[in-house]
Amino acid sequence: MNHSLAELVRPHIGGVGHLLTSTSPVSSLPHGMMKLAPITTPGMPDRYLADHIYGFPVGHGWLMPACAAEAGQAAELRSLYDHELETARPHRYEALLEDEGIAVQLAVTAQAAIYRFVYPPGSSRVLSLGAPDGIAAEAAATEEAAVGGKLGGAPLFAALRFSERPLSVEPWSGAGKRGLLLRFGPAADGVLEVRVGLSQIDAEQARRNREREVAALTLEQAAAAAEAAWNDALGRISVRGGTAAQQSAYYTALYRSLLNMSDVTEEGRYYSGCDDAVHELPDDAFYIRDQMWDAYRCHHPLQLLLDPQRKEAMIRSYLRMYQQCGWLPQFPYPQGDLPIMTGNHAAAMIWDAYAKGLRGFDAELAYEAMRKNAMEVTMLPWVHGPLTELDRVYLEQGFFPALRPGEAETVPEVDGFERRQAVAVTLEHAYDDWCVAQMAQALGKEEDYRHFLERGQNYRHLYRPDIGFMAPRAADGSWIEPFDPKFGGGLGGRDYFSECNAWIYSFHVQHDIEGLIGLMGGPEAFEQRLDQLFQEPYDGAKYRFLGLFPDSTGLIGQYCQGNEPAFHIPYLYNYTRSPWKTQRRLRQIMDLWYHDHPLGLCGDEDNGALSSWYAFSAIGLYPICPGKPFYEIGSPLFEEIDIALPGGGTFRIAARGASARRKYIQSAMLNGEPLHVPRIAHDALAAGGELVLEMGERPNRAWGLGAPPS
């Protein structure tokens, strides 16, 4: 490799949110535990717009350098900084704290980091070590310091070692914070370095992690090693062609896709928040930090494609957490499984891996966990617990019941803000139940297979042919009236949907697209409905629509690229007589909503989900239904794409003549044979070979009309 892919990454992409959250310029190893970004102006959600830095993380605490500071000022230390004097990359970070001219550099390893603070020569060197109240910050007149404790239920310990002893250590407190002010004498070169180890186990393990990973390294060596790790990870997909901005946006998307899940194994041990215990694990790795509602669609399939062995370790981690907490988690974080969103989507991740040939996990245990979540754990959004009376309606009647407008909630387990999300719960669990059915069949459990396969058809119970939308029903089976497919459901549609409306969720049947097409009146009517989705107006001011659906950013008509339930929809044209419309819409979406600047992401990044969609779509592939082992073909941005395969082979995609104008597939060849369908099997890709696409300015309306998979 004659250039560094890591240097193409721009972590500030997405640093200004279109409506909700923004990204952080994180420095980390791929799947690393240590993740660092500057702490910027509190209350400023658009991090790129914040013009002050308040510190740099050390576990639950932070460091902030100054030339002159008193204890009474320590809680509010900050400095102006300028993005033109800043360098943010996956493997290193540099900034100038302008108020006092202090340069900051950092580099990371898996569980440690090196900070370098360069003060003006001859000036006093002060370092504030701070933490929230309740987190211990300890130091003495030695080279060692520590920050540690539980915050929000998550234990985290940092062990610090300074490049020299402080002359004095002075405690400070205020504004809900406390810490220590460390004073060092002037130095000719102004340099003060801090090596930090991180642990979820205890302070001693943090010290061991520091000594093992950075005690013998310079900052430059640590940065070079991290850069090499990123170049290896990013280099698993090599692209040529496109613009420099597209390449930068692409490798930034791939970087964000590879930040999590995080390996938190520490010298053969790990802490699990599922049972608040430390476990021995000498011959494996334990992964956390996942958001399954966001990730199952394309984030996990992307990681499976690039690193199947790591994906197996992630699944084994899920199964360990199942044994520890009694259910299959959906949002595993350091403090345990968080009750966020809806669905049994870990079942989708597991079945997708099994369907694509992965066997490095206990399939029987996995099925036990998938089945238990489907049979014994409540489907209520944002809730952990056993079945409720609402779940029993689903089990008995095949749909999750909704309330009528204005009807008071009578089920105490329902979250007051997140509501029932009844249509979304039904549709998402129907897909998950289909995944459980496929796993049951693969393991020879025929009775379970038939049971869950029938449940996979539950989406049919919510289709209203008179209006052509998925719609809510009451517990007695009657349709909810009145019902507005565009605005119904309150804030975020939460009475009936998850952050979207019926225009989006009516297409949420990835596992039975042919069945959905039949419900909607056949291929021609289905195509017309897709066309209308991308042209349907807001019915009033745009701010009114976004005020009700703030997650629905990246709008094209009612289509919202900024939220995950829409991700697969542009690829549905591949199931009509017009696959060229998939190609057209994908290029429109990528051209509009993915760029190499701070406004370059149109919605919440959601732990890599939004970027994973682009990482797939920009190379012309997409897993429309995790659990069905094939990829839809779209419209590659790049002329040549090489996917490095685990066994050492390569799969090449050659999009001949691809450009902004030449976005339509004229013909396709797979390993020298004509390809007449707009999809490719996972096995064909994993075996290595070449897909050649001839691209043109006008659509070939006859290409891609082969029969869809069963």
Report summary line: Of all GluC sites (Glu not before Pro) in the range 147-231, the ones in DSSP coil with at most 14 other Cβ atoms within 10 Å are Glu164
Requested in this report: Mind giving me the nanometre distance, one decimal, between the label points for Met44 and Gln441, set 7 Å out from Cα along Cα→Cβ?
Outcome: 5.5
Requested in this report: Take every DSSP beta bridge with both residues inside the range 568-710 and express the antiparallel ones as a percent of the total, to the nearest 5.
Outcome: 75
Report task. Mind giving me the nanometre distance, one decimal, between the label points for Ala244 and Arg212, set 7 Å out from Cα along Cα→Cβ? Result -> 4.2
Query raised in the report: Tell me, how many Å apart are the Cα centres for the range 675-695 and for the range 514-537?
Result: 27
Report task. Could you work out the relative contact order of the range 6-234, using alpha carbon pairs under 8 angstrom and six or more residues apart, expressed as a whole percent? Result -> 20
Query raised in the report: Can you give the calculated 222 nm mean residue ellipticity of the chain, where each DSSP H run of n ≥ 4 adds -39,500 (n - 2.57) and the sum is split over every residue, rounded to the nearest 500 deg cm²/dmol?
Result: -8000 deg cm²/dmol
Report summary line: Loop-resident chymotrypsin sites (Phe, Trp or Tyr not before Pro) in the range 370-469 with no more than 12 other Cβ atoms inside 10 Å, DSSP not H/G/I/E/B, are Phe417
Query raised in the report: Which distance in Å, rounded to a whole number, links the C-alpha centroids of the range 27-77 and the range 333-373?
Result: 36
Query raised in the report: For the chain, what is the relative contact order in percent, using Cα pairs closer than 8 Å and at least 6 residues apart in sequence?
Result: 12
Query - Full-stretch length increase - Glu454, Glu70 - with 0.36 nm per residue and alpha-carbon distance subtracted - result: 131.3 nm
Report task. Between Glu204 and Ala175, take the C-beta separation as r, use R0 = 22 Å, and let me know the FRET efficiency to the nearest 0.05. Result -> 0.10
Query - Gain upon complete extension [Arg404, Glu280; 0.36 nm per residue less C-alpha separation] - result: 39.5 nm
Requested in this report: Kindly point out which whole DSSP H helices in the chain project their C-alpha atoms 24 angstrom or further along the helix axis while averaging a Kyte-Doolittle hydropathy of -0.5 or above.
Outcome: 422-442
Query - Dipole axis of the range 6-234 (+1 Lys, Arg; -1 Asp, Glu on Cβ), positive-most option in Gly185, Thr109, Ser24 - result: Thr109
Query - Spin-label proximity, Ala154 to the range 17-37 - amide N less than 19 Å from point 7 Å beyond Cα toward beta carbon - result: 21-37
**Report entry** Longest exposed-site-free window of the chain, the sites being trypsin sites (Lys or Arg not before Pro) in a DSSP loop that have at most 12 other C-beta atoms within 10 Å
**Finding:** 1-358
Report summary line: Here the cysteines of the chain lacking a cysteine partner under 4.7 Å (Cβ to Cβ) are Cys67, Cys298, Cys435, Cys500, Cys560, Cys602, Cys625
**Report entry** Unit charges at the beta carbon, dipole of the range 6-234: most positive-side option, Gln205, Ala215, Gly176
**Finding:** Gln205
Query raised in the report: Can you give the FRET efficiency for Leu338 and Ser124, using 1/(1 + (r/R0)^6), R0 = 51 Å, r = Cβ-Cβ distance, to the nearest 0.05?
Result: 0.70
Requested in this report: Could you check the simple spin-label distance between Glu144 and Glu640, using points 7 Å along Cα→Cβ, in nm with one decimal?
Outcome: 5.5
Report summary line: The FRET efficiency for Asn671 and Glu94, from their Cβ-Cβ distance with R0 = 35 Å and rounded to 0.05, is 0.15
Report summary line: Which of (i) 134, 58, 51; (ii) 79, 60, 54; (iii) 77, 67, 51 gives Cα extents along the principal axes in Å as computed here? It is (ii)
Requested in this report: Please work out how much length the chain gains when fully extended from Asp476 to Asp539, using 0.36 nm per residue of separation minus the C-alpha to C-alpha distance, in nm with one decimal.
Outcome: 19.5 nm
**Report entry** Counted charge near Arg701, where neighbours are those whose Cβ lies closer than 13 Å (Asp, Glu -1; Lys, Arg +1)
**Finding:** +3
Query - Anisotropy class of the range 6-234 from Cα gyration tensor, a/c 1.5 cut - result: rounded
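Which entries of Lys35/Lys663; Lys311/Lys542; Lys311/Lys372 have Cα-Cα distances beyond 30 Å here?
Flagged as over cut-off: Lys35/Lys663; Lys311/Lys542.
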Query raised in the report: In straight Cα distance, which lysines are under 16 Å from Lys150, not counting same-chain residues fewer than 8 positions off?
Result: Lys177
Report summary line: About its Cα centre, the range 6-234 carries a charge dipole, from +1 on Lys and Arg Cβ atoms and -1 on Asp and Glu Cβ atoms, whose size in debye to the nearest 20 is 580
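Counting Lys and Arg as +1 and Asp and Glu as -1, what is the net charge of the other residues whose Cβ lies under 9 Å from the Cβ of Pro565?
Local net charge: -2.
Each value in this text was obtained by applying a stated rule to the coordinates, not by laboratory testing. Note that the coordinates shown come from a computational prediction; the quantities given were computed from them, not determined experimentally. Cβ atoms come from the backbone with ideal geometry, glycine included; neighbour counts cover every protein chain shown.
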